[in-house]
Amino acid sequence: RQAEGHGARSQRHELRLCAILPPGNAAGSPDTLLLGLHRAELLMAAADAGSVHSEEAFVEADLSKDEVVNKYRQAADIVNAAIQAVLKRCVPGADVLETCTLGDKLITLQCAKTLKKAKAQKGIAFPTCISINNVVCHNSPMDPADSATLAAGDIVKVDMGAHIDGFIAVTAHTGVVTEDGALNDFAVDPAAAAIEAAGGDVVAAAAEATTALEAAVAAVAAEEPKEDAEPAAAAAASSAESGAVATKADVATAAYVCAELALRLVKPGGTNTAVTEAWARVAKHFGVNLCQGVLSHELKQFVIDGSNVIIAREAKEDEQVVEEVTFGPHQVFAIDVACSSGEGKPRETEARTTIFKRDVERTYGLKMSASRQLLRQVQEKSPTLPFSLRSFDDAKTARVGIVECVKHDLVSPFPVLAEREGDHTAHFKFTAMMLASGTLKATGLGLAASLRSDKLDTLPADLKAMLAVPSFVNKNKKKKKRSRKAKTTEGEAE
């Protein structure tokens, strides 16, 4: 841009200033600023191309608009199909690099088939990662030398995301590699038993389960607290010291139950602190530790790390400070949970970091040609969302150029994090959409039957009752079924 004439620079600068905030906003939150900066990039690109881009297209949108809901659902469908395809490839002998590449290609191809007529950005919102055993997340190799081969018994965590017009859907799943494909043996929804008992009537099942939940909560509240009750973190630590090491099933089931409970607690009027407290109780029950530093972010258009968050585990030694947030209608959250049989304090590994995200608030005059070329491609492909160095054609330029970009904070790295060797880790991530009928689990799979812990049967009564409550009740769908049934009855009577 420095090579452009003064007049062109002035025009672009004016466009940038005009586009920072959505119309009607006197001041903006960090999320609003990020969205505004992304809008500015698109407006300037349109100006360079000699076209006019409607400012109305960039007004912050939420789930109150059907068009937005449909785009989230489209992205979610793509992610759900892609992760199942990747999981089918997670067999003994599979190469991690090849499988990650497959996941990215599937998302890219399916996104290209969506909204063909509309000039909307779409594609990968989070690169495919496959983390093995004690590695928690962000393992996405770009070179064969950095890859690994899956073996029977490995516990794998697959993580990925897609977006349609900036509306993001992400997911993560945990399973164990087996010869017979048990990794893909998914369990049904925790509320399925209650729905079946109600004869398939979801509305009736929700009402009955809610009544049971209220009774369970009242019973728990009536119990006198024990004087020797330990905090969740201390209890988990003491159980580990006593030699009661959590199994793979304990870790996976705990993470999955936490994510499912969040679907019931992330609703208008609920708070992030209530979710964190429930997660601490689950971790204590299964004898595991929630991983520190894991945050569940609110998702917005082109924003994958919104400022409203749910912290997985609060600890005095943590530097993260999360204020209490009350959830409102039409919000979308990435429910992100990681558990460990170890300390729950993942550390950076020596594995090469390949995933980064552009920090749009940072600017710097890069000195190296490779760095400028890389940053230019990032701003064209992924101006606000995470990207993988694997996605660039010239891998050498990407490896060289990223160094200077990181040094001057133009991009933020997603390092590969791991617990100690021998620890078991699990990772689940759902995209939760707060709609009028409840909180919809847009992405995410069920827990594999092979990873179900027997401790699930002895879960505290109130938590077990909460899992039995359907998080999403499509009342309109039920009404349609009833109306069709009524018409059939009337026809038979005639």
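Side notes on the structure shown:
- Segment 355-414, accessible area per residue, ligands and nucleic acids excluded (1.4 Å, Å²): 50
- Segment 396-457: relative contact order in percent, alpha carbon pairs under 8 Å with at least 6 residues between: 16
- Of the two radii for segment 98-154, the radius of gyration is 1.10 times the Kirkwood radius, both from the alpha carbons; that is the Rg over Rh value.
- Extension reserve of the ASP409-ALA449 stretch, reckoned as 0.36 nm per residue once the Cα distance is removed: 10.0 nm
- Rolling a 1.4 angstrom probe over segment 355-414 with all protein chains present gives an accessible area of which 48% lies on carbon and sulfur atoms.
- Of LYS88/LYS345; LYS119/LYS429; LYS71/LYS105; LYS65/LYS381; LYS284/LYS345; LYS105/LYS345, those spanning more than 24 Å from alpha-carbon to alpha-carbon: LYS88/LYS345; LYS119/LYS429; LYS65/LYS381; LYS105/LYS345
- For the pair THR458 and LYS88, the difference between a 0.36 nm per residue extended length and the Cα-Cα distance amounts to 130.0 nm.
- Amide N of segment 126-161 lying under 12 Å from the label point, which is placed 7 angstrom from the Cα of GLU98 along Cα→Cβ: 148-150
- Considering only alpha-carbon pairs that sit under 8 angstrom and 6 or more positions apart, the relative contact order computed for segment 355-414 is 56 percent.
- The modelled label-to-label distance between LEU295 and ARG420, using points 7 Å beyond Cα along the C-beta direction, is 2.8 nm.
- Alpha-carbon gyration tensor eigenvalues x 5, square-rooted, for segment 355-414, Å: 14, 14, 10
- Dmax and Rg, reported as Rg then Dmax, of segment 242-368 (C-alpha, Å): 16.8, 56
- Using 0.36 nm per residue and subtracting the Cα-Cα separation, the extra length available between LEU109 and ARG362 on full extension is 87.9 nm.
The values are calculated or read from the model by the stated rules, or taken from the named source; none is laboratory data. All values derive from a computational prediction rather than experimental measurement. In this analysis, Cβ positions are derived from the backbone assuming ideal geometry, glycine residues included, and neighbour counts consider all displayed protein chains. For accessibility, only protein heavy atoms count, side chains too; no ligands or nucleic acids. Shrake-Rupley method; radii C 1.70, N 1.55, O 1.52, S 1.80 Å.
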